[in-house]
Amino acid sequence: MALTTGSAQKITDSTQSTGPRKRTIEADILFDKSIVARPLNAPEVASIHVKNVEFYYRWVNRLHSNGRVYMERKAMGFVNATTDDVEVLVGDTVSTQDEIRCGDVILMKIPFHLWASHIKRNMQTAETLQAMRGAYNKEEELSQDVFSEHGKGTLSSVSRDVKGKIAPFIPDNPDAIIDGQVASDTEKVRGEVAEIRKRISKKE
């Protein structure tokens, strides 16, 4: 139920009371059950209703880069949409028999099957990138190597590639490098590192 004349009059009388107010006018509105909460929404900019569903529509900036973007869309196959294709719902959009504009943008259309082909190509490209190095789908068993033709690949490992080619740097006297380091602590760390290396080599 909308705000009635009686409710409005009651709130107005309470605001004009000469005595001290016990609560604010906002509180009166909040606790008045006859008032329905309803926003004052402005209409969406460039709002349209599509009538011809055989096309895909998009707004294109006709002034960006001196019209370069607009000409690129035309080269792709887009053409100007007209009022035969869509119905303009708000007054900020200017429509004629040849075009529909809203500020710097113009409404263009392209046959739906051409747009669908473009979208499918993007999805197939995404699938190809997913199958490239570093991507692994357990269900599909996608390769982890770039364009691998031998089924499931293996990721390259730094430790495997340099194994036997370089030696780790382990100082003979770490106490001389790190002040305050106790020799027993150094030996303990060395033992723990050696144990970790053994576990890694077993997994490989």
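The values are calculated or read from the model by the stated rules, or taken from the named source; none is laboratory data. All of these numbers come straight from a predicted model, not from anything done at the bench. Quick reminder, even Gly has a Cβ in these numbers, built from the backbone with ideal geometry, and neighbours come from all protein chains shown. Remember, those area values only see protein heavy atoms, side chains included, never the ligands or the DNA or RNA. Shrake-Rupley method; radii C 1.70, N 1.55, O 1.52, S 1.80 Å.
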Using modelled amide H (1.01 Å from N, peptide plane; none on Pro or chain starts), what sits under 5 Å from the amide H of residue 56, excluding residues fewer than 5 places away?
110, 112
Taking amide H atoms as placed 1.01 Å from N in the peptide plane, list the residues 5 or more away in sequence, or in a different chain, whose amide H sits under 5 Å from that of residue 62.
105, 106
Which whole-number percentage describes the relative contact order of the stretch 60-121, with Cα contacts under 8 Å and a sequence gap of 6 or more?
32
Starting from the coordinates of the alpha-carbon atoms of the stretch 49-120, obtain the Kirkwood hydrodynamic radius over all distinct pairs and give the value in Å to one decimal.
12.5
Between residue 72 and residue 92, take the C-beta separation as r, use R0 = 25 Å, and let me know the FRET efficiency to the nearest 0.05.
0.50
How do 112, 78, 31 stack up against each other in accessible area, from largest to smallest, with a 1.4 angstrom probe?
31, 112, 78
How long is the gain from residue 61 to residue 193 if the chain were fully straight, where each residue apart is worth 0.36 nm and the alpha carbon distance is subtracted?
41.4 nm
